[in-house]
1. Can you list the trypsin sites (Lys or Arg not before Pro) in segment 77-124 that are in a DSSP coil and have 14 or fewer other beta carbons within 10 angstrom?
2. Report the full-extension gain for the segment L112 to V25: residue separation times 0.36 nm, less the Cα-Cα distance, to one decimal in nm.
3. Does segment 42-92 come out rounded, prolate or oblate, given a ≥ b ≥ c as the square roots of the eigenvalues of its C-alpha gyration tensor, rounded meaning a/c under 1.5 and, failing that, prolate meaning a/b above b/c?
4. Over segment 24-118, what per residue volume does the convex hull of the Cα atoms give, in whole Å³?
5. With +1 on each Lys and Arg Cβ and -1 on each Asp and Glu Cβ, and nothing else charged, work out how big the dipole of segment 1-63 is about its Cα centre, in Debye to the nearest 20.
6. Express in nm, to one decimal, how much length is gained between E119 and A78 on full extension, taking 0.36 nm for each residue of separation and deducting their alpha carbon distance.
7. Using 0.36 nm per residue of separation minus the Cα-Cα distance, give me the extension gain between N64 and Q4 in nm, one decimal.
8. Give me the percent of accessible area attributable to carbon and sulfur for segment 1-54, probe 1.4 angstrom.
Amino acid sequence: MGEQPIFSTRAHVFQIDPNTKKNWVPTSKHAVTVSYFYDSTRNVYRIISLDGSKAIINSTITPNMTFTKTSQKFGQWADSRANTVYGLGFSSEHHLSKFAEKFQEFKEAARLAKEKSQEKMELTSTPSQESAGGDLQSPLTPESINGTDDERAPDMTQNSEPRPEPTQNALPFSHRK
């Protein structure tokens, strides 16, 4: 089935100036379609907007994101993965309210989807992973697996570092001969 649009509206799109982190920089010359998409295979919600063929918003909604209405027709949210803040200027307060309502709805759905996937992971994980996974967001991500391997690697080098010790011990014996 793939990714399907589930809500669309029109807005002027802005991004925060990466240098000043204060000023808004327009990323569209005019109002463009801004859509919420749902990817049923990955169980994720995204906000996507194209200006012609260029993607000016491609933001995956996570449970910790917040959409803030900053005026009657303007709202914004921070996307830490894209390392930016998006701003949307709407033609009416109604359009802004509807977008904000959908953001909240899909953010909650993303939270539930994440919890559901964690429950599946807990069912398939070993007891040691379950006890360690209490505070972890996703205990079986490639990063955490690689992290575990990386953590073990220094232990091996630490275990191999004491090897010179026997030769140091052997030196006094060689002097006794």
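The values are calculated or read from the model by the stated rules, or taken from the named source; none is laboratory data. Since this is a predicted model, take the numbers as computed values, not measurements. Cβ placement follows ideal geometry from the backbone for every residue including glycine, while neighbour counts extend to all protein chains displayed. Accessible surface is based on the protein model in full, side chains and every heavy atom, while ligands, DNA and RNA are left aside. Shrake-Rupley method; radii C 1.70, N 1.55, O 1.52, S 1.80 Å.
1. Passing both the DSSP loop test and the Cβ count: R81.
2. Extra length from L112 to V25 when fully extended: 27.9 nm.
3. The shape class here is oblate.
4. Looking at segment 24-118, the number lands at 100 Å³ per residue.
5. I would put it at about 180 debye.
6. 12.0 nm
7. Full extension of this stretch gives 19.3 nm more.
8. 54
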